[in-house]
Amino acid sequence: MASPIELSVVVPCFNEEESLPALIARLAPVCRAVAGDRHEIVLVNDGSRDRTWALMTARARHDPALVCVNLSRNHGHQLALTAGLTVCRGARILVIDADLQDPPELLPAMMARIDAGCDVVYGQRVSRAGETVFKTATAALFYRLLRRIVDIDIPLDAGDFRLMTRRALDVLLAMPEQHRFIRGMVSWIGFRQEPIPYDRDVRFAGTTKYPLAKMLRFAMDAVTGFSIRPLRVATWLGFATVVAALAAGLYVLVRWASGAVVPGWTSVMIVSLLLGSMQLLVAGLLGEYLGRLYMEAKRRPLFVIDAVVRGEAAVAREPVEVAAE
């Protein structure tokens, strides 16, 4: 009988052919050091257009610890990560990106925290090497604004790099939402969660898979997934508009009573533009929430797995749909 899997490492990969050999070279000895042969490394190919899948399966022929998951198309980082978390079998699960910005050598220290009673140990970035001032500043601003807006305590400067127990993962996998912000979902779970500080390295190879447009969509998923406070903007804008209208009406009345001519064109245009922009802003916020409700109501599968290769054997070659619960 095969030994139970003590540790699973889940790695979403999108066009990572340059990073994969170095990733496996650094991950494998660390995993063996903490879990011996009772570990697996789950590599999820998220519709890569390069040789990522070919490299995965080639390495799997010689390494029984590798589990290669091929998605039917590009589903995005968060859903690819969810697919890997669904497939993995370990009692403890490490989530790490393929770019090696997050050091796998922190795993023994993270395991020690789990041994001490934690359910989640997350990496907290002290510094971010190789990133622009704009990226660093906007990331810091995002985390701090998000913490004020959302209804849960999401740690500052923490990404998806974390180690969690199986019971924490089971709760995470029970959440069916399509627009996933996994670091927020893990925070929502509760249990005992602790940070482990580290300095983030430069990307090993390739380019970032999160350009500005994707980062903005990711930020919107984070806010709308964990807070309804943006919807209250409409109420506050309504109150502000009423106060402004009353003040303007009082001003006009006083000027009229004193016999002065009230100039009008410029002020009318400014007020019209202001009210119009407020209405569009509120309509956009409502549209974001309604759009997410629409997507959730369809109950489509979160992702579609084309194949799973464990070691030398192809376990699944027919498409396998994994639906939301």
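Some points to look at:
- Put simply, of V121, V69, V95 the only residue that is buried (at least 20 other Cβ atoms within 10 Å of the Cβ), under 16 Å from the mean Cα position of the chain (by Cα) and modelled with pLDDT of 85 or more is V95.
- When the residues of the stretch 19-34 are filtered to those that are crowded, with 17+ Cβ neighbours inside 10 Å, within 25 Å of Q78 (Cβ to Cβ) and not β-branched (V, I, T), the one that is modelled with the lowest pLDDT is S19.
- Among (1) surrounded by fewer than 22 Cβ atoms within 10 Å (Cβ to Cβ); (2) outside any helix (DSSP H, G or I); (3) among the small types (G, A, S); (4) modelled with pLDDT of 90 or more, the one test that S48 misses: (4)
- Number of positions in the stretch 139-174 that are farther than 16 Å from I96 by Cα and touching a residue at least 40 places away in the same chain (Cβ under 8 Å): 14
The rows are residues; the columns are (1) surrounded by fewer than 19 Cβ atoms within 10 Å (Cβ to Cβ); (2) touching a residue at least 12 places away in the same chain (Cβ under 8 Å); (3) under 20 Å from E18 (Cα atoms).
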residue: H62; (1), (2), (3): yes, no, yes
residue: A91; (1), (2), (3): yes, yes, no
residue: Q101; (1), (2), (3): no, yes, yes
residue: L106; (1), (2), (3): no, yes, no
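- Yes/no for I96 being in the same structural domain as L163 (by TED's automatic domain parsing) and in contact with a Leu (Cβ under 7 Å, 6 or more places away or on another chain): no
- Selection within the stretch 1-18 - out of contact with any Asp or Glu (no Cβ under 6 Å at 6 or more places or on another chain) and modelled with pLDDT under 90: M1, A2, S3, P4, E16, E18
- Residues within the stretch 166-181 that are at pLDDT 85 or above and either surrounded by fewer than 14 Cβ atoms within 10 Å (Cβ to Cβ) or touching a Ser or Thr at 6+ places or on another chain (Cβ under 8 Å) (or both), tallied: 4
Residues checked against (1) among the aliphatic types (A, V, I, L, M); (2) in contact with an Asp or Glu (Cβ under 7 Å, 6 or more places away or on another chain); (3) closer than 30 Å to R192 by Cβ:
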residue: R26; (1), (2), (3): no, no, yes
residue: A54; (1), (2), (3): yes, no, no
residue: V67; (1), (2), (3): yes, yes, yes
residue: S72; (1), (2), (3): no, yes, no
residue: L81; (1), (2), (3): yes, yes, yes
residue: V87; (1), (2), (3): yes, no, yes
residue: L106; (1), (2), (3): yes, no, yes
residue: R113; (1), (2), (3): no, yes, yes
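- Failed condition for Q193, given (1) at pLDDT below 90; (2) more than 23 Å from L302 (Cα to Cα); (3) of a type in the set (S, T, N, Q): (1)
- Hits in the stretch 108-126 - residues which are assigned to a loop (DSSP other than H, G, I, E, B) and either over 12 Å from F191 (Cβ atoms) or among the basic types (K, R) (or both): A116
The values are calculated or read from the model by the stated rules, or taken from the named source; none is laboratory data. Model, not experiment: these values are computed from the prediction. Please note: Cβ atoms are built from the backbone with ideal geometry, for glycine as well, and neighbour counts cover all protein chains shown.
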